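Since the structure comes first, as structure tokens, the remarks are kept for the end.
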Amino acid sequence: MTAFSLEPAQLAWCAELRALAAERLHPLADKGEPGHVNRALVAELGSLGLLGRLFTSGALDLCLMRESLAYACTEAETALALQGLGAHPVHAYGTEAQRAHWLPRVTAGTAIAAFALSEPGAGSDAAALELRAEADASRGGRSSDPSQGGRSSDPSQGGRFADTPSLTVAPDGPARWRLTGEKCWISNAPEADFYTVFARTTPDAGARGVTAFLVPADRPGLTGRGLDMLSPHPIGALDFDAVPVTAGDVLGEVDRGFRVAMGTLNLFRPSVGAFAVGMAQAALDATLAHTAGRDAFGGKLRDLQAVSHQVAEMALRTEAARLMVHAAASAYDADAPDVPRRSAMAKLLATETAQYVVDTAVQLHGARALQRGHLLEHLYREVRAPRIYEGASEVQRGIIAKELYARQEAR
């Protein structure tokens, strides 16, 4: 298999995923509450075996899953992706105990994961994060009491739903650090069951002084609130008030957490592009159907050269983005040396392309596309966020340029 074609079995799998998304996942997504975790939808992803594939498949399979689900049900795609983003650091860098406790729950869809990197003053400049992991003076960790944890049992307050089983995990031994500060723009917050949290363990050390921690949501001192965002999936802020963490909560190595973050993002950035391609393809197909059937100016809308050329441009850009996503994912699976550059290129091109395609589709559909409940109205809200999260478009351009100049200097 090359980066330029898919095997028949892969194409058949993609078709199966699109059908599953339309028939089984979309109805559950429709019953969810915008801005809150849809636990029934996540559980169905688990029962279908899709969450388990997050940890057994390569980057290309991840891209195929995300594109196929996004085509028919963006909510299902996002739920799957957020489970992967939050739990991949546990899978790749966690201890045996951490993996044994959390990964079966993640794959079953009974535990919600979240990736907590961004802060109010450290979004694109992730190395500037300020959440502090301060040495615990007493070294006498407090036991974890769910009544002191960060989430209410009242769903209206953005907390754990009352019928969700407790997943309380007491700190493993006395606290070594206490986390103090804030995280913001965190998907699945404040309703996740655990967070991969990046905190500064060495002051004034930039990216080299950051450590990744696995923090269960019911640790004392951890509170959160939902944010009212344009994007329909749950996003919130987290407050850390001397939250106890131990050596057993570290993911990877102390002061090497930025490696955990970048390793995770290098895998997921191409698949953000796949999400974007899925949305672009859905918008393109809707536009083909609309322009072929719409009567205008004595013929069909597609007969207008201005329209047909726009549709051709939409198709051209969508296919180019898909090929770049597949190439980046294949490079990751082959452990190629230029993965950061390829991942950044794929994410950049695909998300910018999807924005163009969806916007053009709205223009060609006219006012009907702006009506609540229309596919394109939904896609128009969904498509904007991927150009920002997991590294804004400007950050991707910076990564690409840095990698290009480094390669040029090495010659």
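A few points about this structure:
- If you go through the stretch 343-390 and pick out every residue that is of a type in the set (Lys, Arg), surrounded by fewer than 17 Cβ atoms within 10 Å (Cβ to Cβ) and closer than 21 Å to residue 317 by Cα, you end up with 2.
- Matching option when the condition is of a type in the set (D, E, K, R), more than 30 Å from the chain's Cα centre (by Cα) and more than 17 Å from residue 61 (Cα to Cα), among 317, 302, 341: 302
- Counted residues, the stretch 312-347 - those being over 21 Å from residue 6 (Cα atoms) and in contact (Cβ under 8 Å) with a residue 60 or more places away in the chain: 4
- In the stretch 133-151, of all residues being of a type in the set (Gly, Ala, Ser) and surrounded by fewer than 16 Cβ atoms within 10 Å (Cβ to Cβ), the one that is modelled with the highest pLDDT corresponds to 135.
- None of 62, 103 is modelled with pLDDT of 95 or more and closer than 15 Å to residue 271 by Cα except 62.
- Candidates 220, 244, 216, 234 - the one that is assigned by TED's automatic domain parsing to the domain that holds residue 202, in contact with a His (Cβ under 6 Å, 6 or more places away or on another chain) and closer than 19 Å to residue 195 by Cβ: 234
- Among the residues making up the stretch 391-411, those that are surrounded by 13 or more Cβ atoms within 10 Å (Cβ to Cβ) and farther than 18 Å from residue 352 by Cβ are 402, 403.
- A count restricted to the stretch 12-35 and to residues that are more than 14 Å from residue 73 (Cβ to Cβ) and at pLDDT below 95 stands at 3.
- Enumeration of residues in the stretch 344-365 that are among the charged types (D, E, K, R) and more than 18 Å from the chain's Cα centre (by Cα): 359
- Subset of the stretch 308-342 (residues that are among the hydroxyl-bearing types (Ser, Thr, Tyr) and within 13 Å of residue 269 (Cβ to Cβ)): 332
- Filter pass, residue 336 being out of contact with any helix residue (DSSP H, G or I) (no Cβ under 6 Å at 6 or more places or on another chain) and of a type in the set (A, V, I, L, M, F, W, C): yes
- Counting only strands (runs of 3 or more DSSP E) that sit completely within the stretch 167-280, those holding 2 or more residues that are crowded, with 20+ Cβ neighbours inside 10 Å and not hydrophobic (A, V, I, L, M, F, W, C) correspond to 177-187, 194-200, 210-216, 235-245.
To keep it simple, each residue is scored yes or no on (1) part of a loop (DSSP other than H, G, I, E, B); (2) buried (at least 20 other Cβ atoms within 10 Å of the Cβ).
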position: 29; (1), (2): no, yes
position: 35; (1), (2): yes, no
position: 44; (1), (2): no, yes
position: 49; (1), (2): yes, no
position: 53; (1), (2): no, no
position: 64; (1), (2): no, yes
position: 70; (1), (2): no, yes
position: 80; (1), (2): no, yes
position: 84; (1), (2): no, yes
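Residue-by-condition table, conditions (1) surrounded by 21 or more Cβ atoms within 10 Å (Cβ to Cβ); (2) closer than 16 Å to residue 186 by Cβ; (3) in the same structural domain as residue 188 (by TED's automatic domain parsing); (4) not polar (S, T, N, Q):
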position: 102; (1), (2), (3), (4): yes, no, no, yes
position: 121; (1), (2), (3), (4): no, yes, yes, yes
position: 125; (1), (2), (3), (4): no, no, yes, yes
position: 131; (1), (2), (3), (4): yes, yes, yes, yes
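- Single condition residue 377 does not satisfy, out of (1) at pLDDT below 95; (2) over 17 Å from residue 276 (Cβ atoms): (1)
- Flag for residue 309 being without any contact (Cβ under 8 Å) to a residue 12 or more places away in the chain, surrounded by fewer than 15 Cβ atoms within 10 Å (Cβ to Cβ) and over 17 Å from the mean Cα position of the chain (by Cα): yes
The values are calculated or read from the model by the stated rules, or taken from the named source; none is laboratory data. Just so it is clear, the model here is predicted, and its values are computed rather than measured. As a convention, Cβ positions derive from the backbone with ideal geometry for all residues, glycine included, and neighbour counts pool all protein chains shown.
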